[in-house]
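The values are calculated or read from the model by the stated rules, or taken from the named source; none is laboratory data. Here the structure is a predicted model, which is why all the values come from computation and not from measurement. Counting neighbours? That spans all protein chains shown, and the Cβs are built from the backbone with ideal geometry, glycine included. These area figures cover heavy atoms from the full protein model, side chains too; ligands, DNA and RNA do not enter into them. Shrake-Rupley method; radii C 1.70, N 1.55, O 1.52, S 1.80 Å.
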Amino acid sequence: MGNPLRILHVVVNMNRGGAETLIMNLYRNIDRSKIQFDFLTSKKGVFDDEIEQLGGNIHRIPYISDVGHFAYKKHLDSFFRENDTYKVVHAHMDKMSGLVLQSAKKAGIPKRISHSHNTRSEGGLASRIYKWYAGNLIMNNATNLLACSRQAARWLFKDKQADILKNGIECTSFSYSAETRNIVRKEWNIDSGTTVLGHVGRFAQQKNHRFLIDIFAEFVKETENAVLILIGEGTLKPEIVAKVKALKLENKVKFLGVRSDINRILQAFDVFIFPSLHEGLPVSLIEAQAAGLPCIISDRISQEVDLGINLIEFLPISNKSIWISHLMKLTNINRNRDILSDSFSKQGYSINETANELKEFYLSMSG
């Protein structure tokens, strides 16, 4: 048996974001006797130790925000010139992937994948203009296009044909458990009669936490025995903490930071609330449905996230009163949270099937 085909994944860092969580789910479940992952990153990440334990190599160069355009390009060119034995480069940086793939092509890397995980660029005007420039480099330098949803493909690749790789999860690890629910609630000192609203996402403009706090502030006026659980970290967290204090909700909003046990935490929630301004296809919403959670989410999110098991409600972020009324309705319903495991595999969201699909995709590229 020969050595496994080594795939170079390019990300900013390997922290617990949606795309990074998907990559790790794939890495854990792919046949590593045939496919091995290496990583080109710019910052340390929480998954680094596990990556190395699984046999992956981590390379690091400075990021553009730290060194500027010309130095970043110089580092990219130098890296690929010195590591030109890779046959496949898989870039997960949305529009910024254009710069990565341009350098990979210059170094003679034969297969270069651009993977779309979103539907809009973040940042101010200057940042978006720069990302537009970088995104225009993708088509001339990518050999293959992947996306998490059709909407994400249209955003990054316009009318070009892309393969859809669904954001698979380990479905059974999220299956509802009343015992786990009671244990987790006890850890947080939350009694069985308390309504728990939950959200998982980094504190960034995209996730729309300001709107979420406004909704909760109105909801607790009607349902006093309620708490909001926020999972994640990010640059906007101090602002949201300050907003919570200003509204005197400190005793009702819990900030749990980044967690490695999302599958446990979801058991304790009653409703998953997700008012994002834009998304590709969030892994967290697939996980919430696997836990049998009713989800009220922004109508800016792709319809493809709805797995057809009557758990998703799309609402406009232009009308807060609709969100509050739907929350009131949902929290007054006793719901059976048992989900048939084949509901996910039939629609391609089982991580085993996704990992096998990706394995065959990589092997076909290597000949």
Q | Residue satisfying all of: in the range 198-247; of a type in the set (Asp, Glu) and more than 21 Å from Ile301 (Cα to Cα); modelled with the lowest pLDDT among these | A | Glu224
Q | Residue, nearest to Val12 (Cα to Cα), within the range 25-66, restricted to residues that are aliphatic (A, V, I, L, M) and touching a helix residue (DSSP H, G or I) at 6+ places or on another chain (Cβ under 7 Å) | A | Leu40
Q. So Arg120 fits all but one of (1) in contact with a Leu (Cβ under 8 Å, 6 or more places away or on another chain); (2) free of Cβ contacts under 8 Å to residues at least 24 places away in the same chain; (3) basic (Lys, Arg); what number is the exception?
A. (2)
**Q.** Search result, residues across the range 185-226 that are of a type in the set (Val, Ile, Thr), free of Cβ contacts under 8 Å to residues at least 60 places away in the same chain and either buried (at least 21 other Cβ atoms within 10 Å of the Cβ) or part of a helix (DSSP H, G or I) (or both)
**A.** Ile213, Val220
Q: Take the range 306-360 and flag every residue that is free of Cβ contacts under 8 Å to residues at least 60 places away in the same chain, of a type in the set (A, V, I, L, M), assigned to a loop (DSSP other than H, G, I, E, B) and more than 18 Å from Ser284 (Cα to Cα).
A: Ile333, Leu340
Q: Filter the range 340-366 down to residues that are closer than 13 Å to Lys111 by Cβ and at pLDDT 90 or above and give me whichever is surrounded by the most Cβ atoms within 10 Å (Cβ to Cβ).
A: Tyr362
Q. Which of the residues spanning the range 21-49 are open to solvent by 40 Å² or more (accessible area, probe 1.4 Å) and either in a helix (DSSP H, G or I) or of a type in the set (S, T, N, Q) (or both)?
A. Arg28, Asn29, Ser33, Asp49
Q: Determine whether Ser103 is more than 22 Å from Ile30 (Cβ to Cβ), free of Cβ contacts under 8 Å to residues at least 12 places away in the same chain and either hydrophobic (A, V, I, L, M, F, W, C) or part of a helix (DSSP H, G or I) (or both).
A: no
